[in-house]
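Please read through the structure below; I'll follow up with questions.
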Amino acid sequence: MNGFSRRRVLRGMLNGGAVTVGLPLLNCFLNGNGNALADGKPIPPRFALWSWGLGHNRDVFIPKKIGSGFEFPEEIESLEPLRQHINLLTNFTAFRDSAGLTGHVTGWIIARTGAPPVAGNNLSGETYDIKIANQISRAQRFKTLTATATGSARTSYSYEDPNTPNPSEYSPLEFYTRLFGPEFNNPNAADFKPSPRAMSRKSALSAVMEESAWLNQRVGAEDKARLDQYFSGLRHLEKQFVQQLTKPEPIAACNPSAAPNEAELKMNNESPFVVKRNEMMSDLLAMAIACDQTRVVNMSYADMSSNTIKPGYEKPHHTSSHEEAVDDKLGYQPVCSWFVRRSMEGLAYFIKSFEKIKEGDGSLLDNMLIVADTGDANARTHGLLDMPMFTAGRAGGKLKTGLHIDVNGAPMSRMTLTAMRVLGMDVKTFGGGSNTTSEIISDILV
């Protein structure tokens, strides 16, 4: 055991008092079976994911024209004023290979991880927003932020690993307090007061990091690799504290508004309240990006088996998708289409939240990449063919916009790989099985 056990902790001294940090589970504890900113720096890459539940109705969602100048059918007409900022990508496939189909789950897991669920709704790994956050946002106050309009912290499609979802912020007022409350360092404030809490945490980490060399001399090769990963995480955490303890450069775009008033915002799934929560959360996430509190955000308008309720209608969206009859004249389910239209209005508001914030000679949206996805093509059939996705923003001039691209059945992971490359990640391939791809969507690249 090299003189220590699982109970061993890293010890240091802080202002005369002992501080400790626990160790990860090591093999030696197991048995033999076990543009430019003001200072001249380039504007950093920023990324947002936005999701809606239960897909679309093809005939009133998918434009007939490919390329630029495409029409906006009824379900997406709310996005037409944003034509110059968005791309619509259609005809993706979520390949489940030999995996079973879990309704309203399989699609989003493939979209976010590049592989079908291992069993039931178990992810094969982290979601790709976390891969991106680990690359571009580890040193920010918040590595990533996750929010939802559903009123439930459990509505989350962001996972640190297969078993660790990032709980969603669901109260706009609590979220505001977390972002812009007492621990927020306003970059435009005249004075700067470092957070005592951050100072204490940084000092505690610094006090224990010195023991890393001692440990590395006493463990095997696999445990050295595990410890390296562990201490790398601690170093990233230390960088976050350094960022909080350093007076930030002024940011013209950072201008938080007053705290949201949610006194009459009921925590239920009635559509008017979902709409309002989406608006409040969208504005907060956009300002969090503008103030450089984080560079990666994740927002869900509804869960993938959406239970949003239309006032005056007895069935929620999910139930309607299976029980509402197809209208003979329209050729689709009119109530279900009503829900999709509200979702697209929600996406339009999310995009506008970034567009309305001026940054440099353009807007915050110009320096963003936003990807919007869903878990189904057609909700009634749990379809995984003809899956739609949107992008918004130009990622600092790296993307074309205003296009409708038919990807001809390509795996959804192609969009994921494109996003990671656009954001500066050196990733050659992404996905597993039939979802594996080394190709990107070059049609939208400058």
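Read the figures in this text as sums done on the coordinates, not as results from a lab. The model shown is predicted, which means the values in this text are computed figures rather than measured ones. Note that we place each Cβ from the backbone using ideal geometry, even for glycine, and neighbour counts take in every protein chain shown.
Please give every one of the lysines within straight-line cross-link reach of Lys41, meaning a C-alpha to C-alpha distance under 25 Å, and leave out same-chain neighbours fewer than 8 residues apart.
Within the straight-line cut-off, Lys41 pairs with Lys131, Lys143, Lys193, Lys239, Lys247, Lys356, Lys358, Lys398, Lys400.
All other residues with a Cβ under 15 Å from the Cβ of Asp373 taken together, and with Lys, Arg as +1 and Asp, Glu as -1, what is their net charge?
Once all neighbours under 15 Å are counted, the net charge is -2.
What's the local net charge at Leu54, with K and R +1, D and E -1, over the other residues with C-beta under 10 Å away?
Overall, the nearby charge balance is -1.
State to the nearest 20 debye the size of the charge dipole of region 281-325 about its Cα centre, where the only charges are +1 on K and R beta carbons and -1 on D and E beta carbons.
Magnitude of the dipole: close to 80 debye.
Moving to a separate point now. What does the charge count near Ser78 come to, summing +1 for each Lys or Arg and -1 for each Asp or Glu among other residues with Cβ under 15 Å from its Cβ?
-4
Among Pro316, Leu284, Ala252, pick out the residue whose Cα is farthest towards the positive end of the charge dipole of region 241-351, where Lys and Arg carry +1 and Asp and Glu carry -1 on C-beta, about the Cα centre.
Ala252
Right, another one. Can you work out ³J(HN,Hα) from phi for every residue in region 163-168, in order, using Karplus 6.51 cos²θ - 1.76 cosθ + 1.60 and θ = phi - 60°, giving whole Hz and x for Gly and Pro?
10, 10, x, 8, x, 7
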